[in-house]
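For reference, the structure is listed below as structure tokens.
The values are calculated or read from the model by the stated rules, or taken from the named source; none is laboratory data. Small disclaimer: the values here were computed from a predicted structure and weren't measured. In this analysis, Cβ positions are derived from the backbone assuming ideal geometry, glycine residues included, and neighbour counts consider all displayed protein chains. Note: accessible area is taken over every heavy atom of the protein model, side chains too, but ligands, DNA and RNA are not part of it. Shrake-Rupley method; radii C 1.70, N 1.55, O 1.52, S 1.80 Å.
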Amino acid sequence: MTGGAHEDMHADMADPERGAAAAPDAKRDEPRRGLDAIFAPRSIAVIGASRRRDSIGFALLHNLVANQFEGAIFPVNPHAHAIHSLRCYASIAEIPDPIDLAVVMVPRGAVQEVIEQCLARGVRGLVVITAGFGETGAEGAAREARLREAVRAAGVRMIGPNCMGVINTAAGVSLNATFAPTPARAGRVGFVSQSGALGVAILNVMRDMDIGLTQFVSMGNKADVSGNDLLEYWEDDHETRVIAMYLESFGNPRRFTEIAKRVTRKKPVLVVKSGRTAEGARAATSHTGAIAGADVTVSALLEQCGVLRANTIEELFDIARALARSPLPAGPRVGIVTNAGGPAIMATDACINLGLHLAQLAPATVAELRRFLPAEASFGNPVDMIASAGAEAYGRTLAAVLDDPGVDMAMVINVTPLLANPIDIMHEIAAATRERAKPTLAVVMATDDFYQELELRRDLPPVYRFPESAALALAMLARYAAWRRRPVAGDAGAPAGRELAADDAAVAALLDRAGADAGGYLGPAEAFQVLELYGIPVARWRLVAAAGGADGEAAAVLAAAAEIGYPVVLKGVAPDLVHKTEARAVRVDLRSAAELAEAVAAMRGDIAAAGHHLSGYLVQEMARGGHEVIFGVTTDPRFGPLLMFGLGGKYVEVFEDVRFGVLPLDAWEAGEMVRGIRGIRLLTGVRGEPGADLDLLVEVLLRIAQLVERHPRIAELDVNPFLAAPTRQAAKALDVRLRVEPSMRAPGA
Ligand code: ADP
Ligand code: MG
């Protein structure tokens, strides 16, 4: 299915009628209709236009004129007769023509009044550049809320306030309503930036990096139009092939998830989310909480929506270029063609580190290469044609490598001797790729002359200066292709969203009782019961209350052990004792009544020494075999529950080999979480060891997802360890910690 996903992406685009025909749903068209007044106005009022050359009121007007806006422009300023050779009006009320879009740059104090005039005048869209609203504190936020109310009541869409403006390169529109000095190039990327200042820099970089735009939006404070609205706008826009976003916050994460999941099935969405560390670590007693910062949640959320996350703007553009111009690969296998050894080694390392595979070339491919390459060349992968390789050798070698059925995509490297211009090589590369629907990225280490010439040649494959950036772009192409191949509900072979049988009423009652007032950790008995009610296997256990007298306690513990069967594990129970091992409150593999009695006698003293007050004993069956894993849940105030799976027990601390997921979690996603840990080979079985029952682990994860989805009272859950074992009978939870939020009722009420 070479490039299959990509072909239907193009099929979508080839037929401009399709969007309208396929979506009679009026609600779906709403974002387009509303935003068209902003993106494709026939007339614009520039309110706050200025004659002063160094003002943004002049710069924006100049951009509209210089970029040859196809509609009419009406500057508004009560103190000028004409600006930029255009007749100026004292107020919007005086403009004789109908106005589609008003761009507002007046001082902060006048914005509300101006907007009300615009609404009265019947404008259909607003872009508010003026700053000094929600970003300045409570007073500004109140001013912003009033603005929003007014525009929403009128059914008009507004971008900003505190933004840099909008660009639409579409033929017949040619709108540049920004004050950015760099003109935008037409292309296939829709870009939205939450930061205005960065927006200016981004437009600059885009030009340098040869990225063309459909639309550019600086969202500012997002009082009305948000990133979610723009995702929906671009969803069915046939010109926009890649959606790129610079985000600082998510207004409505749940809604973002829902929209992004849908949009990424049609076209790639790339996000740079800043504030990676700013959200900071929170105090956490659970392993899951300690490992997961807010940023981990964001990454998990983006990944689960099929959104590609870049670390930097530069990375984002490296990836966007490849996505905008290449077909999608059928798999992760890369063929590398080079004229120098060093960069090929760098390329290989980068590809492997990013999870790509180096393709194994077929004997027929090698035989073909031997026919025309010099004997000193390397015929494995990377194919090193050596320094003498000319344009023709590049073309033939790349053709042979791309024709190999074991190659999904290619990286072609050229190290150019000083003063030579490899543009001929690029033409051969382009010719070889044209007939072969496999992505090919070029890495050219050449002089600036080459890059300058390249700027005029957009029919050539994407070119990178270093192998690492090309490798990242290939890895993202592969990741996105895998996402597009992933079955979804409704497809044949899609995981059914089945409901797992569980006793929700009993769980709710238990949580209510336990968290009746203060909330906090459930006792071990209640916590194990919750798992049992949810069909999660647990080690056989008995709880023995501390009676004060050591002799009576020992007798009760021994009786419990007799019921469970030796060997047993003894654990001390005390309020606020969450890390039992550290308090010497876990004794494993007690094989006889004598050993158990001895452990009971010692435990009270050990726990007191650790500063806790013993309230009881947990006696458990001693579980054996398999590997310890962890299932965890922590709650993010904005994003909701975050699920975690990984290697458990002491491995959690050392390796932090875990994967995260957000709700809703389907079977495919749960499978990815379990099979996606680095140490998965431990669980599939190494050196003749039997593998663990992975299907059971996926099921437990889904049960936990359903548990926290239906019982939002659960704030934190650690099942650590869960013993992952070859058989269902041997797999079980050995330890659980569950914290509930306090109930709404006031304590004692
Ligand atoms: P804590 O996490 O509070 O220190 P655990 O109950 O997780 O205490 O026990 C610590 C370790 O003891 C576990 O990681 C596991 O290796 C071992 N262990 C605990 N319970 C059992 C059991 N029932 N059978 C076998 N080993 C156990
Ligand atoms: Mg534990």
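Oblate is the label for the range 198-249, because the ratio a/c of its alpha-carbon gyration tensor axes (a ≥ b ≥ c) is 1.5 or higher and a/b is not greater than b/c.
Calculated translational diffusion coefficient of the range 111-206 (20 °C, 1.002 mPa s; Stokes-Einstein with Kirkwood radius over alpha-carbon pairs) equals 146 µm²/s. Probing with 1.4 Å while keeping every protein chain in the model, the per residue accessible area of the range 76-147 equals 47 Å².
Over the range 173-276, what is the relative contact order in whole percent, taking alpha-carbon pairs under 8 Å and six or more residues apart? Don't jump to the answer; show the numbers that get you there.
Details: 148 pairs, mean separation 29.6, N = 104.
Relative contact order for the range 173-276 comes out at 28 percent.
Give the residue from Thr214, Val298, Met245 lying farthest towards the positive end of the charge dipole for the chain; charges sit on Cβ (+1 for Lys and Arg, -1 for Asp and Glu) and the dipole is referred to the Cα centre. Projecting each Cα onto the dipole axis, the largest value belongs to Thr214. Averaging 1/r over every pair of different alpha carbons in the range 368-499 and inverting the result gives a Kirkwood radius of 16.5 Å.
Please state the charge dipole magnitude for the chain, taken about the Cα centre, from unit charges on C-beta atoms (+1 on K and R, -1 on D and E), reported in debye and rounded to the nearest 20.
680 debye
The order of the peptides 678-684, 731-737 by mean Cβ neighbours within 10 Å, most packed first, is 731-737, 678-684.
Averaging the sequence gap over all C-alpha pairs within less than 8 Å and six or more residues apart, then dividing by the number of residues, gives the chain a relative contact order of 9 percent. To make sure I understand the rule: partners must be lysines, Cα under 27 Å from the Cα of Lys571, and not fewer than 8 residues away in the same chain. Which ones qualify? Straight-distance partners of Lys571: Lys580, Lys650, Lys732.
In square nanometres, what is one fourth of the surface area of the convex hull spanned by the alpha carbons of the range 66-171? Walk me through the numbers on the way to the answer.
Details: hull surface 28.8 nm².
With every direction weighted equally, the projected area is 7.2 nm².
Pairwise Cα distances in the range 137-273 exceed 27 Å in 18 percent of cases. How would the range 624-749 be classified by its alpha-carbon gyration tensor: rounded, prolate or oblate, with rounded meaning a/c under 1.5 and the a/b versus b/c comparison settling the rest? Verdict is prolate for the range 624-749. Sparse packing (at most 16 other Cβ atoms within 10 Å of the Cβ) combined with a DSSP loop state is found for the following trypsin sites (Lys or Arg not before Pro) in the range 395-487: Arg457, Arg458, Arg465. If you wrap the Cα atoms of the chain in a convex hull and average its projected area over all directions, you get 40.0 nm². Considering every alpha-carbon pair of the range 42-85, the percent of pairs per 5 Å bin, from zero through the bin containing the longest distance, is 5, 26, 37, 23, 8, 1.
Under a no-solvent Debye model with one identical scatterer per Cα of the range 383-451, what's log10 I(q)/I(0) at q = 0.12, 0.23, 0.27 Å⁻¹? Cα-only, vacuum Debye calculation for the range 383-451: -0.29, -1.00, -1.30. Relative to the globular-protein estimate of 2.2 N^0.38 Å, the Cα radius of gyration of the range 606-686 stands at 1.43. For the chain, adding -39500 (n - 2.57) for each run of n ≥ 4 DSSP H residues and dividing by the number of residues yields -12000 deg cm²/dmol at 222 nm. Entry comment: accessible area of the range 351-491 is 44 Å² per residue, from protein heavy atoms only and a probe of 1.4 Å.
When only alpha carbons are used to place a centre, the range 384-425 and the range 147-212 end up 39 Å from one another.
Global size of the range 302-390: 16.1, 49 Å for Rg and Dmax (C-alpha atoms, Rg to one decimal, Dmax whole). What a 1.4 Å probe finds exposed on the range 524-629 is 55% carbon and sulfur by accessible area, rounded to a whole percent. Based on every Cα atom in the range 137-187, Rg and the maximum pairwise Cα distance Dmax equal 14.9, 42 Å. Placing unit charges on each Cβ (+1 for Lys and Arg, -1 for Asp and Glu) gives the chain a dipole about its Cα centre, and among Pro181, Ala399, Phe645 the Cα reaching farthest toward its positive end belongs to Pro181.
Of all beta bridges DSSP finds with both residues in the chain, what is the antiparallel percent, to the nearest 5? Walk me through the numbers before you get to the answer.
Values: 54 of 105 bridges.
For the chain, the DSSP antiparallel bridge percentage is about 50.
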